[in-house]
Amino acid sequence: MNDLPINFEEILETLALQGGFNTNAVILGTTLLGIAAGVIGSFALLRKRSLTADALSHATLPGIAGAFLIATSMGYSGRSMPLLMLGAAITGILGVACIHLILHHSRLKEDAAIGIVLSVFFGIGIVLLSLVQTSSSGSGAGLNHYIYGQTAAMTRSDAAIMGTIGIVASIIALVMLKEFMVVCFNETFARSTGLPVWLIDSIMLGLVVLITVSGLQAVGLILIVAMIIIPPAAARFWTDRLWKLVLISALIGGLSGYAGASISALFPRKPAGAVIVLVAGSIFAISMLFAPTRGVLADTIRRLRLKLLIARDHVLESLYEIESDIEGARHPNASIMLIKLIAMRGWITTSNNTLALTEAGRIQGQRIHRNHKLWEQYLVSYADIAPTHVDWSVDQVEHVLTDELIAELEEALRVRGITIENGDPA
Amino acid sequence: MIPDLIQTFLTLDLFPILAAIFAALSCGLLGNFLVLRKQSLMGDAISHAVLPGLVGAFLITQSRSPGIMFAGAAISALITVVLVEVIKRLGKVEPGAAMGVVFSVLFALGVFMLENASARSVDLDADCVLHGNLQTLFWTTSPTEWNHFLSASIKDEVPRQLWTLLGTTLAVIIFITVFFKELRIASFDAGIATVQGINAGFMHMALMTFVAIAAVASFEAVGSILVIAMLICPAATARLLTDRLITQILVSAVIALLTAIGGYALASWMGVNAAGMMASTAGAILVVVMIGSPSHGIIAKARNQRKLGNLVALEDILGSLYRLAETDEHTTRDRLIATLGFTNRTTKAMDRALADNLVKLVGTHLQLTQSGLAHGAAIIRKHRQWEGYLVDEAGFSPDHVHDTAEKLEHLIDPDLPNQHTDPHGKPIPPK
């Protein structure tokens, strides 16, 4: 396998930023870019602008090719990075402006506007690119790298520009954290306090443009948007607080950038952009599955536990009703597993093949029965629900009543002079 | 004998043009429902995400047989649709972000695999993915005699991409024709569809499957960018020309056709990339329609707005003069214009009122003519009826209704025949 690096030491050297000056610069630059993209992407996510960023990044292609064509026709070298970045920024912003124009001056919706700008601008870019290839023999061949990105072709100063832009963009975002937050969470409120929402929006957009154009060379214009979308989407699983979201998102972005650029530097034929996105995507998948509270696994466990709790309550309630000879008592409907679990808690005994509540179990059953009756009464007397219709919703609610709520219900019913049969506390 | 010029066309251009037309039609027709459902970007996501399927199928089987490539791409397209739904529902991620995560990761996976694959094969090319390889569809053994078109061998001379695209286009047309009613209801209102016994979720998956098939079939010939452009642009353009779905679909087909042929012709003429030029053409057509559409265009809307503005100005003049006439007061031309806000529009409306003989000058005073009086009465009638309606039915207080009535009077006649005075006690002029 010629894909593998020469030895283990080389891997360590690269990862520890000891792998040659140029490599270090690129890895450091990409890491900084990742951090900045994570920070700024957080706001794009909250502002629901993820796919606008996608249109923006596709719309940079005609700018790159156009800048090259104009520069070469005027006798300059078309390969200068700042020049290409300027072109990219201009058409990128133009693309976003077109989305706004379509939204405000036609009946088309945002999804169509984004798709139109994305495909048409990119199509124009492809046309210009084919002009570059036919008109300037050979000198424009490298422009293709801006589509998929190529860290190997980057010089130290390219990396320095990228890293500097990353730092500057992050600082601007952090300085304006408060304004961004207000606009993201409550635009109407922001307007009413006199904040210039359009200006703040424009600054946010400007930062996305900065990140996009500075990442073109390393990551490429198709995948740069992933660095803006994925880290905050992954970070969202870990927290509900904005500053934590920004922090975690920056961490994920930085880690992805670092890992992607390192792996790409170590192995031949591993494009940095793709590796960065795959690392970020893996972090997203892990976050979605395993994050505490918001993750899918935690959510499933929580739901199963609640289901089990409800089933257990129903068994105890039914047994209590049967043992107390309450009219309308339902027979418990439970699996053997569930019965065994409840028996382990010491709430029922299963001797002689019959189920019986222990003393502790009786108190539990009575409590649940009482909650049931309380809520039922409340619905009948306060929410105007017919007595025959209350049972279903009661079965859902009786398990989640808190002590305070029960006290309130008791008080409310006492005021009305309503008592609950068979349910007075022991 | 076929002339040289036509023979060159047959050799170089016939197959690419046909491929472009079929790709444009199959994507363009399906796009109508995507645009309607506000899911245009699903096409974007799918056309990015088929890449790992294509490359994966090639890596696993080491063959470029069309069936296998097609299956690989279709599988990854469906995985995309399912993953987006899963992340949206289970992860509670905002739809745009969910789509962005899925397609960028899958595309990255495709690029990653492609770089590895191209170490062994030069056939798979990352640039091809974006703008296809239309120019490679030569008719290498193009006929020299017309009757060659009737011979049996022609079937094998036509490249298989073209057959795939033709089959896909026909399948799409049949799908839309057969399920038109279901697709329409499910797209406009999933709730009503369910009530009518139509499984909206199933229709969604069926539509997505066809989008995936059309995207995959078109992908190789015209590249992902044109797939996205064709899924969205023709339908969006047609949407600006008509309010009826059937008309919209037919118009979008015409636009798709124009885009494919026009884009190809322009590209050949300028010597640039054909797929890119077609996407640009689609954009150009959209811009023209957006500005010039007779019903929804920017110009038409501006014109309507100006007309309404002029009407309002004229009605304000006649209404004011009617109010003054009620109390036997007078005003001059300049004073009235100043009262109504000294604008160009009011001045012009005043000139028209004088020219149309709705208002005449008596000395320096303005006076309504017979027909001006009737017009003014009609407007004041609407105004005072609106005031009455707002107070009686909408619970406004009498001192808050004037401004609202001032706007409504120009638009709708409330037509409340039994009212005779407004909330302020002023008489409502009879009809």
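Under the condition of being of a type in the set (A, V, I, L, M, F, W, C) and modelled with pLDDT of 90 or more, which residue from the stretch A:47-67 is farthest from residue A:206 (Cα to Cα)? First the steps, then the outcome.
Step one: filter the stretch A:47-67 for residues of a type in the set (A, V, I, L, M, F, W, C), giving A:51, A:53, A:55-56, A:59, A:61, A:64-65, A:67.
Still in the running and modelled with pLDDT of 90 or more: A:53, A:55-56, A:59, A:61, A:64-65, A:67.
Details: A:53: 11, A:55: 14, A:56: 11, A:59: 14, A:61: 17, A:64: 18, A:65: 21, A:67: 19 Å.
So, considering only residues that are of a type in the set (A, V, I, L, M, F, W, C) and modelled with pLDDT of 90 or more, the one farthest from residue A:206 (Cα to Cα) is A:65.
Looking only at the stretch B:127-139, decide whether some residue is outside any helix (DSSP H, G or I) and at pLDDT below 70.
Taking the stretch B:127-139 first, the residues outside any helix (DSSP H, G or I) are B:132-133, B:137-139.
Filter once more, keeping what is at pLDDT below 70: none.
The answer is no, given that none of the residues of the stretch B:127-139 is outside any helix (DSSP H, G or I) and at pLDDT below 70.
Quick check: anything in the stretch B:256-267 within 16 Å of residue B:17 (Cβ to Cβ), surrounded by fewer than 24 Cβ atoms within 10 Å (Cβ to Cβ) and within 11 Å of chain A (Cβ to nearest Cβ)?
yes
Looking at the structure I just gave you, is residue A:51 crowded, with 17+ Cβ neighbours inside 10 Å and in the same structural domain as residue A:242 (by TED's automatic domain parsing)? Even if it seems obvious, please write down each step before you answer.
Working: crowded, with 17+ Cβ neighbours inside 10 Å: yes; in the same structural domain as residue A:242 (by TED's automatic domain parsing): yes.
Yes.
Only one of these conditions is not met by residue A:225: (1) within 14 Å of chain B (Cβ to nearest Cβ); (2) surrounded by fewer than 19 Cβ atoms within 10 Å (Cβ to Cβ). Which number is it?
Only one criterion in (1) within 14 Å of chain B (Cβ to nearest Cβ); (2) surrounded by fewer than 19 Cβ atoms within 10 Å (Cβ to Cβ) is unmet by residue A:225, namely (2).
Please go through the stretch B:389-426 and pick out each residue that is assigned to a helix (DSSP H, G or I) and either under 42 Å from the mean Cα position of the chain (by Cα) or not assigned by TED's automatic domain parsing to the domain that holds residue B:314 (or both). Break it down stepwise before answering.
So the first thing to find is which residues in the stretch B:389-426 are assigned to a helix (DSSP H, G or I), and the list is B:389-392, B:398-400, B:402-408.
If the condition is that a residue be assigned to a helix (DSSP H, G or I) and either under 42 Å from the mean Cα position of the chain (by Cα) or not assigned by TED's automatic domain parsing to the domain that holds residue B:314 (or both), then B:389, B:390, B:391, B:400, B:402, B:403, B:404, B:405, B:406, B:407, B:408 are the ones that fit.
Filter the stretch A:67-103 down to the residues that are within 13 Å of chain B (Cβ to nearest Cβ) and in contact (Cβ under 8 Å) with a residue 40 or more places away in the chain, then identify the one that is nearest to residue B:98 (Cα to Cα).
A:99
Can you find a residue in the stretch A:318-328 that is closer than 29 Å to residue A:239 by Cβ, surrounded by 12 or more Cβ atoms within 10 Å (Cβ to Cβ) and either β-branched (Val, Ile, Thr) or without any contact (Cβ under 8 Å) to a residue 24 or more places away in the chain (or both)?
no
Assess whether residue B:46 counts as being within 20 Å of residue B:165 (Cβ to Cβ) and β-branched (Val, Ile, Thr). Explain how you work it out, then say what you get.
Working: within 20 Å of residue B:165 (Cβ to Cβ): yes; β-branched (Val, Ile, Thr): yes.
Yes, satisfied.
Would you confirm whether any residue within the stretch B:187-199 is part of a helix (DSSP H, G or I) and within 17 Å of the chain's Cα centre (by Cα)?
Just the residues of the stretch B:187-199 that are part of a helix (DSSP H, G or I), to begin with: B:187-188, B:190-195.
Restricting the remaining residues to those that are within 17 Å of the chain's Cα centre (by Cα) gives B:187-188.
Yes; the residues of the stretch B:187-199 include at least one that is part of a helix (DSSP H, G or I) and within 17 Å of the chain's Cα centre (by Cα).
Restricting to the stretch A:342-367, count the residues that are assigned to a helix (DSSP H, G or I) and more than 12 Å from residue A:316 (Cβ to Cβ).
5
Determine which member of the set B:239, B:184 is more than 27 Å from residue B:71 (Cα to Cα), away from chain A (no Cβ under 13 Å) and out of contact with any Phe, Trp or Tyr (no Cβ under 7 Å at 6 or more places or on another chain).
Details: B:239 fails: away from chain A (no Cβ under 13 Å).
Answer to the selection: B:184.
Just one of the numbered conditions (1) surrounded by fewer than 24 Cβ atoms within 10 Å (Cβ to Cβ); (2) over 18 Å from the mean Cα position of the chain (by Cα); (3) in a helix (DSSP H, G or I) is not true of residue B:212; which one?
(1)
Considering each of B:393, B:315, B:406, B:329 in turn, give the residue that is touching a residue at least 60 places away in the same chain (Cβ under 8 Å), at negative phi and not basic (Lys, Arg).
Values: B:393 fails: touching a residue at least 60 places away in the same chain (Cβ under 8 Å); B:406 fails: touching a residue at least 60 places away in the same chain (Cβ under 8 Å); B:329 fails: touching a residue at least 60 places away in the same chain (Cβ under 8 Å).
One residue alone meets the criteria, B:315.
Residue B:289 versus (1) surrounded by 18 or more Cβ atoms within 10 Å (Cβ to Cβ); (2) more than 14 Å from chain A (Cβ to nearest Cβ): which is the lone unmet condition?
Every listed condition holds for residue B:289 apart from (2).
Kindly establish whether residue B:268 is assigned to a helix (DSSP H, G or I) and at pLDDT below 95.
When the stated conditions are applied, residue B:268 passes them.
Kindly establish whether residue A:141 is at pLDDT below 85 and of a type in the set (A, V, I, L, M, F, W, C). Talk me through it step by step, then tell me what you get.
Numbers: at pLDDT below 85: yes; of a type in the set (A, V, I, L, M, F, W, C): yes.
Yes: the conditions hold for residue A:141.
Restricting to the stretch B:10-51, name every residue that is modelled with pLDDT under 90, within 13 Å of chain A (Cβ to nearest Cβ) and over 21 Å from residue B:203 (Cα atoms).
Once the filter is applied, which keeps residues that are modelled with pLDDT under 90, within 13 Å of chain A (Cβ to nearest Cβ) and over 21 Å from residue B:203 (Cα atoms), the stretch B:10-51 yields B:48, B:49, B:51.
Of everything in the stretch B:41-68, what is surrounded by fewer than 24 Cβ atoms within 10 Å (Cβ to Cβ) and part of a helix (DSSP H, G or I)? Give them in sequence order.
Of all residues in the stretch B:41-68, those surrounded by fewer than 24 Cβ atoms within 10 Å (Cβ to Cβ) come to B:56-68.
Result: B:56, B:57, B:58, B:59, B:60, B:61, B:66, B:67, B:68.
Would you confirm whether or not the stretch A:189-197 contains a residue that is assigned to a helix (DSSP H, G or I), crowded, with 24+ Cβ neighbours inside 10 Å and either more than 21 Å from the chain's Cα centre (by Cα) or in contact (Cβ under 8 Å) with a residue 12 or more places away in the chain (or both)?
Of the stretch A:189-197, the ones assigned to a helix (DSSP H, G or I) are A:189-192, A:197.
When the remaining residues are screened for being crowded, with 24+ Cβ neighbours inside 10 Å, the result is none.
Looking for residues that are assigned to a helix (DSSP H, G or I), crowded, with 24+ Cβ neighbours inside 10 Å and either more than 21 Å from the chain's Cα centre (by Cα) or in contact (Cβ under 8 Å) with a residue 12 or more places away in the chain (or both), one finds none in the stretch A:189-197, hence no.
The values are calculated or read from the model by the stated rules, or taken from the named source; none is laboratory data. Because the structure is a prediction, the values reported are computed rather than measured. FYI the Cβ positions are ideal-geometry reconstructions off the backbone, even for glycines, and counts take in every protein chain you see.
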